[in-house]
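Where a number appears in this text, it was derived from the coordinates with a stated rule and is not lab data. Please read these numbers as outputs of a predicted model, since none were measured by experiment. Positions of Cβ are generated from backbone atoms using ideal geometry, with glycine treated the same way; all protein chains shown enter the neighbour counts.
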Amino acid sequence: MPTTVFAASEIITLNTSLPRCTHVAVRDGRILGYGGPEIVAEFGATLDDRFATKVIIPGFVEGHGHAADGIVWRNPYVGFYPRIGPDGQKAGGFKSISEVVAHLKAAAENLPDPTTPLTAWGFDPIYFDGRRMTAADLDAISTTRLIVIGHASGHIMNVNTPVLAACGFSRDSNLDGLLRDTQGNLTGELLGPAVMGRAARASGGAALMREMDAAAYRTYGEMARRVGVTTSTDLANTGSPATVEALVAATAEPNFPLRIVPAMQQRAFSLPDGIARITELKRLNTDRLHFGIVKITADGSIQGFTGRLRWPGYHNGAPNGLWYVAPAELESIVAAYHEAGIQLHIHTNGDEASEVTTEMIGRALAKHPRQDHRHTLQHCQMADAATFRRMASFGMCVNLFANHIYYWGEQHRAITMGPTRALRLDACATALEAGVPLAIHSDTPVTPVDPLFTMWCAVNRLTPTGRVLGEGERISPAQALRAVTLGPAYTLKLDHLIGSIDVGKFADFAVLDSNPLAVAPEAIKDIGVHATVLGGRVF
Ligand SMILES: [Zn+2]
């Protein structure tokens, strides 16, 4: 078997036996050894020195991403912050609702015919001084074409009057999640999956709610690879036959540059069907595809005022958010999957959702003790020290949404959480102090996948105004690096295969222009990703 040794100026292994070295040996797609130049001869290897001036680290693991990032870009992006699309071009950066509407008007003119629905994504009115988008804003684009605008969080949509009509939503509708003005009229803002799902179906799929195809997985693979990610979750996979077929086909292609860990979305299934389906999906697993975990969504988004909060609620007085699953039902879902031996990844945003869900896992464990379950709270953005200590006592993990500190930190401080509670937004230091295994994430496409940026957020906690939000919650670059490699690998129960440079693990590396543990902490986000290596193959 041919053996290759990659040389680098420095290799950070995240492996206590030898934390730093300069050479790593690869055979059969796995790591054979590591050390100094002597290992070339010791393993009878061929030296590959193309990275001799670079820094090799374990490939990044995106522990909460959505492969839908590979499909949303087929529709216009209407976000406040500009971002780079799969074509490498900058998009978005709209600073008012009228700028968004003008952009959509132009986009509508490019659609093939007047009946093609217009869908867009990445919108968030929280940046616009209290002004929300209404159906009238979108009716100004068209009163006949169906128009659906997904919010950045993925938890809210704005639609025009034709969509309200197509869904049968009216002033008299008796449904949760239909936002109303002071007169009780529908504003066209839809909150939560029940009403959003109807609008998505009426308009043939919108933004995050579209069915994936193989090309979308390929696009996502390429977007993740560019930023050094070698394993990514797809954290709300529908588990539908079409999606699964596309995923199996894409990940089987020799040039597919990414390992994918889909989390099957529980919502689509009854309890027995869901447990049967995830068991069946695991049989499809390969080196690049790892089914096994299940995703449950407990509440909504804080910046959309649909996250469930404890006292004193929303700083601006907005009513408490939405339980996506009523707590009694959530408890029976958690208990059933737990009893079946399945690992859960549960979205909780508000502190009430995190606390209540943690106690449910505690009760499930009391009934059915289970070692090493690693149930993980995803986002868990407002949990306090007491909740983290409970999580630690139950053996739970956390994946915090560090990118939020930059993208919404100022809004949480001024509008949703107020100046004090916002300090504990994505409290990485408190989680580590409590002993909860930690990962941090982008939730792409909610914010762009880029683990070096995510590290930068957790280390510096800077908002766009230059404010440090919660100085005490900053973590070290070494802790942050672990939280984008071995940390998420642990939450996925894949730490025996990925996340560090150790003998027998997959030879998955990110090749960087500089050492993220040596540069100034503010410069971590600017480090270039030179290449990735997946199973020993250079991409
Ligand atoms: Zn998500």
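Numerical summary
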| read-out | value |
| --- | --- |
| DSSP-loop chymotrypsin sites (Phe, Trp or Tyr not before Pro) across the range 403-438, with at most 11 other Cβ within 10 angstrom | none |
| Student exercise, the chain dipole from Lys, Arg, Asp, Glu Cβ charges, in Debye to nearest 20 | 260 |
| Compactness relative to 2.2 N^0.38 Å, alpha carbon Rg of the range 57-133 | 1.30 |
| Under 5 Å, built H, 5+ apart or other chain: amide partners of Asn160 | Ile147 |
| Karplus 3J(HN,Hα) series, Hz, for the range 372-378 with 6.51 cos²θ - 1.76 cosθ + 1.60 (x for Gly, Pro) | 6, 6, 6, 4, 10, 8, 9 |
| Exposure proxy ranking, count of Cβ atoms within 10 Å, fewest first, for Ile527, Ile147 | Ile527, Ile147 |
| Extension gain from Asp384 to Thr182, taking 0.36 nm per residue of separation minus the Cα-Cα distance | 69.2 nm |
| Karplus-derived 3J(HN,Hα), 6.51/-1.76/1.60, for each residue of the range 305-318, Hz, glycine and proline x | 6, 10, x, 8, 10, 7, 3, x, x, 6, 4, 8, x, 4 |
| Filter on Lys90/Lys525; Lys282/Lys367; Lys90/Lys295; Lys282/Lys505; Lys295/Lys505; Lys95/Lys295 - keep pairs with C-alpha separation over 29 Å | Lys90/Lys295; Lys95/Lys295 |
| Sequence-distant residues sharing a close amide H with Thr485 (under 5 Å, placed H) | Val61 |
| Ranked Arg131, Arg421, criterion: other C-beta atoms within 10 Å, fewest first | Arg131, Arg421 |
| Antiparallel content of DSSP bridges confined to the range 70-209, in %, to 5 | 65 |
| Segment Lys95-Arg131, length gained on full extension (0.36 nm per residue, minus Cα span) | 11.8 nm |
| Ranked list, fewest to most other Cβ atoms within 10 Å of each Cβ, for Cys457, Cys167, Cys21, Cys428 | Cys21, Cys167, Cys428, Cys457 |
| The chain: relative contact order as a whole-number percent, Cα under 8 Å and 6+ apart | 17 |
| Dipole magnitude of the range 70-209, debye to nearest 20 (Cβ charges: Lys/Arg +1, Asp/Glu -1, about Cα centre) | 180 |
| Calculated FRET value between Ala478 and Met1, using beta carbons and R₀ = 22 Å, to 0.05 | 0.05 |
| Reciprocal mean inverse distance between Cα atoms of the chain - Kirkwood radius, Å | 23.7 |
| Calculated from backbone phi, Karplus (6.51, -1.76, 1.60) coupling profile of the range 530-539 in Hz, x at Gly/Pro | 7, 6, 10, 10, 10, x, x, 9, 7, 10 |
| Length released on extending from Ala140 to Ala268, taking residue separation times 0.36 nm less the Cα-Cα span | 42.6 nm |
| The chain - mean residue ellipticity at 222 nm from DSSP helices (-39,500 (n - 2.57) per run, n ≥ 4, rounded to 500) | -8500 deg cm²/dmol |
| Nonlocal amide H pairs with Gly395, under 5 Å, H built at 1.01 Å | none |
